[in-house]
Amino acid sequence: MQLETSVQSLKMGTEESELGGSIKAGSGRMLDRKNRLLFYNRSFKIACIASASFVCLVLFSILFFMFRTGVLTFRDVPMATFFFSTDWSPENESYGAFVFIFGTFALTLLTLLISVPLSIIIAVFMAEVAPKWMRNLLRPVLDLLVGIPSVVYGFLGLTILIPLLRNITGTNMGDGILAAAIVLTIMVLPTISRISDDAISVVPRKYRDASYALGATRFQTIFKVTIPAARSGIMYGVILGMARAIGETMAVVMVIGNTPQLADALFKPTSVLTSNIVMQISNVPFDSTWNNALYMMGFLLLVISLLMIVLVRLLQQKGAHR
């Protein structure tokens, strides 16, 4: 009897030890899994922070390099002369960039005046008027237009648009700020139209129903209720389109004429910041005042683009708050 009791005690002890060992092994595996998850999470966090830091470093490095090289212009050229003089003659040591600054803003403004009304009309048509089958057809077409290279637009403008303008106006020179504005309008039209279309489409249906209930017509509902409600999204699209228009190079170079003279007429060849940089930078000595002036023009373009991006972010925050 005592022997059986001792055998049973021995078996129970063995089972308890095996159970304890399995619990310890399970705890060890859980602990290893927890450590692995912590390691993966920390590694992913570090990778994300490193990537964001790298992007910021690249951006500020570009800004710093452009500014450091561009500001050397003012060692030889007074700041007032650079920004307000219209005499750009590097061969004669004259570096007045007002022609290109004025041409850039004039071209952007003219593009804005042409493209924004057309884009809003197209967006309203797709979101409010067009049947579903036509809407499903037009939206992919506009998306495809965004991906066409700018040099294709410029080539078509050079071979088709400029001769057409010459025939219509009877002038000998079809290139100029109007031709460049038309080409840029075709380029930014899909961007502004698609973003405006999305902004109009997400306006709540109850706004339209309330307008109809008050006796408003379809035209009044669209232009007094729907478009004002989508104003932030439309402005977002307009700013993105204008940012592309300001930074566009190849298409503008091919149709604007590339002449350093003030754009006081629609059919007068002129030049802008981007076209002047791309036409001259390859033939300029690196340490010359001419080269530094071109870098300062590039820095001005960067500043304008950054200001537009900041404005877009502010509009996004305002729209989200509403």
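Tell me, which helices (runs of 4 or more DSSP H) wholly within region 169-239 include 1 or more residues that are at pLDDT 90 or above and buried (at least 22 other Cβ atoms within 10 Å of the Cβ)? Per the criteria, 177-201.
Of all the listed residues (Ala106, Ala52, Ala97), the sole one being over 22 Å from Ile304 (Cα atoms) and among the hydrophobic types (A, V, I, L, M, F, W, C) is Ala52. Among (1) assigned to a loop (DSSP other than H, G, I, E, B); (2) under 28 Å from Ile239 (Cβ atoms); (3) not polar (S, T, N, Q), there is one condition Leu142 misses while meeting the rest; what is its number? Of (1) assigned to a loop (DSSP other than H, G, I, E, B); (2) under 28 Å from Ile239 (Cβ atoms); (3) not polar (S, T, N, Q), only one is false for Leu142: (1).
Evaluation of Ala230 against the conditions (1) in contact (Cβ under 8 Å) with a residue 60 or more places away in the chain; (2) within 23 Å of the chain's Cα centre (by Cα) shows that the sole unmet condition is (1).
Of everything in region 82-94 that's more than 30 Å from the chain's Cα centre (by Cα) and under 16 Å from Ile277 (Cβ atoms), which residue is surrounded by the fewest Cβ atoms within 10 Å (Cβ to Cβ)? Applying the filter and picking the extreme gives Pro90. Here Gly174 fits the description: touching a residue at least 40 places away in the same chain (Cβ under 8 Å), farther than 30 Å from Ala229 by Cβ and not hydrophobic (A, V, I, L, M, F, W, C). Restricting attention to region 145-168, the residues being within 30 Å of Asp198 (Cβ to Cβ) and part of a helix (DSSP H, G or I) number 10. Out of all the residues in region 123-131, is one or more among the aliphatic types (A, V, I, L, M), outside any helix (DSSP H, G or I) and not assigned by TED's automatic domain parsing to the domain that holds Asp264? No, because not a single residue in region 123-131 is among the aliphatic types (A, V, I, L, M), outside any helix (DSSP H, G or I) and not assigned by TED's automatic domain parsing to the domain that holds Asp264. Can you tell me how many residues within region 109-131 are closer than 30 Å to Thr249 by Cβ, among the β-branched types (Val, Ile, Thr) and buried (at least 20 other Cβ atoms within 10 Å of the Cβ)? Within region 109-131, residues that are closer than 30 Å to Thr249 by Cβ, among the β-branched types (Val, Ile, Thr) and buried (at least 20 other Cβ atoms within 10 Å of the Cβ) number 4. Of all residues in region 256-306, those that are under 27 Å from Phe65 (Cα atoms) and either of a type outside the set (Gly, Ala, Ser) or touching a Pro at 6+ places or on another chain (Cβ under 7 Å) (or both) total 32. The single condition among (1) in contact with a helix residue (DSSP H, G or I) (Cβ under 7 Å, 6 or more places away or on another chain); (2) within 18 Å of Phe299 (Cα to Cα) that Leu59 does not meet is (1).
Among the residues of region 18-62, not one is at pLDDT 85 or above and acidic (Asp, Glu).
The values are calculated or read from the model by the stated rules, or taken from the named source; none is laboratory data. On a predicted model such as this, the values are computed, not experimentally measured, just so you know. Every residue, glycine among them, receives a Cβ derived from its backbone with ideal geometry; neighbour counts consider all protein chains shown.
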